[in-house]
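Trainee: Below you will find the structure I want to go over with you.
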Amino acid sequence: MNPRQRILLVDDERQITRVLSRGLTAKGYDVHVAADGEVALQTFGDWRPDLVVTDLSMPNLSGLELCRRLRAFSEVPIIVLSVKGEERAKVEALDAGADDYVTKPFGIDELLARIRAALRRVPAGTDAENNVLAAGEFRVQLEERKVTIHEKEVHLTPKEYDLLVYFLRHPGKVLTHHVLLGAVWGGDYVEQTEYLRVFIGQLRKKTETDPSSPKYILTEPWVGYRFNPGTE
């Protein structure tokens with residue numbers, strides 16, 4: 001961990017912010033607390049944190065709207081906190097730009113692990129000269145539409161290719177069904193979750209050693225998928 005990385009903690013429950021702030025500070029993070037989204041936006045502008053952890057249900061400005069407003073001008077990692085049963089709210093938050101979510105109640109170790117993952121996450125890099133997109137064990141030559149995994153070429157259909165490229169551009173991030181369908185197939189397909197499931201199955205067969213136990217394309221139940229490109 002880089003020294004004194006900054007975390008903005010947004011929640012209107014003082015007991016939660018007190019416990020989390022103490023735990024995060026003990027791990028070497030510099031923590032600021034905001035009780036609602038409006039205060040969070042002001043604090044963000046003044047302090048420029050490296051990561052935001054926000055609850056969804058808050059007065060004045062909700063966590064959902066906070067995600068939307070932050071995404072209008074920043075790519076800062078955002079982790080949302082959600083109570084059990086608020087599946088729709090979590091999906092809405094992810095669609096609004098959140099990177100990950102943690103369901104309440106949760107342990108501090110789980111939150112710390114999610115924070116570490118978000119802070120070390122680096123988008124897939126593109127070599128401008130060679131037009132190559134690379135992340136982990138994956139390498140895509142964009143002009144030739146050539147895909148290799150561990151230097152072994154994989155042949156994909158056009159939509160399988162487009163789906164994989166989108167995953168590669170967003171490694172480690174929870175991508176909802178709506179986001180994936182809209183990005184790859186267009187707005188007319190955002191409700192076709194079964195359609196997406198079929199293509200995910202096909203892509204897993206071509207990229208995974210064991211499609212029944214995937215290590216690259218991971219399912220986030222009822223929400224979407226998370227792409228783990230592996231390590232080189």
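The values are calculated or read from the model by the stated rules, or taken from the named source; none is laboratory data. It should be emphasised that the depicted structure is a prediction, and the values quoted were computed from it without experimental measurement. Here the Cβ is made from the backbone with ideal geometry for all residues, glycine too, and neighbour counts use every protein chain on show. Side chains included, ligands, DNA and RNA excluded: accessible areas come from the protein's heavy atoms. Shrake-Rupley method; radii C 1.70, N 1.55, O 1.52, S 1.80 Å.
Trainee: Run the reach check for Lys205 against aspartates and glutamates, Cα to Cα strictly under 20 Å, same-chain hits fewer than 8 apart removed. What comes back?
Mentor: Partners within reach: Glu137, Glu151, Glu153, Glu160, Asp162, Glu194, Glu220.
Trainee: Computed from the coordinates I sent, log10 I(q)/I(0) by the Debye sum over Cα atoms at q = 0.11 Å⁻¹ equals one of [x] -0.60; [y] -0.74; [z] -0.52. Tell me the label.
Mentor: It is the value labelled [x].
Trainee: On to the next question. Select from region 1-82 those chymotrypsin sites (Phe, Trp or Tyr not before Pro) which occupy a DSSP coil region and have at most 12 other Cβ atoms within 10 Å, ordered by residue number. List each step's numbers first, then the result.
Mentor: On the way: sites: Tyr29, Phe44, Trp47, Phe73; in loops: Tyr29, Phe73.
When the chymotrypsin sites (Phe, Trp or Tyr not before Pro) of region 1-82 are filtered for loop state and at most 12 Cβ neighbours within 10 Å, Phe73 remain.
Trainee: In Å², and per residue, what accessible area does the chain have when probed at 1.4 Å with the other protein chains present? Could you put the intermediate results ahead of the total?
Mentor: On the way: 12010 Å² over 232 residues.
Ligands and nucleic acids excluded, the figure is 52 Å² per residue.
Trainee: Can you give me the % of accessible surface on region 23-164 that is carbon or sulfur? Probe 1.4 Å, all protein chains present, nothing else counted.
Mentor: Roughly 47 percent, rounded to a whole number.
Trainee: Taking 0.36 nm per residue of separation and subtracting the Cα-Cα distance, what length does fully extending Tyr189 through Ala117 add?
Mentor: Values: separation 72, 0.36 × 72 = 25.92 nm, distance 3.07 nm.
Working it through step by step, the gained length comes to 22.9 nm.
Trainee: May I ask you to rank Arg204, Arg120, Arg145 by accessible area, largest first, using a 1.4 Å probe over the protein chains only?
Mentor: Numbers: Arg204 35, Arg120 160, Arg145 115 Å².
So the residues, ranked largest to smallest area, are Arg120, Arg145, Arg204.
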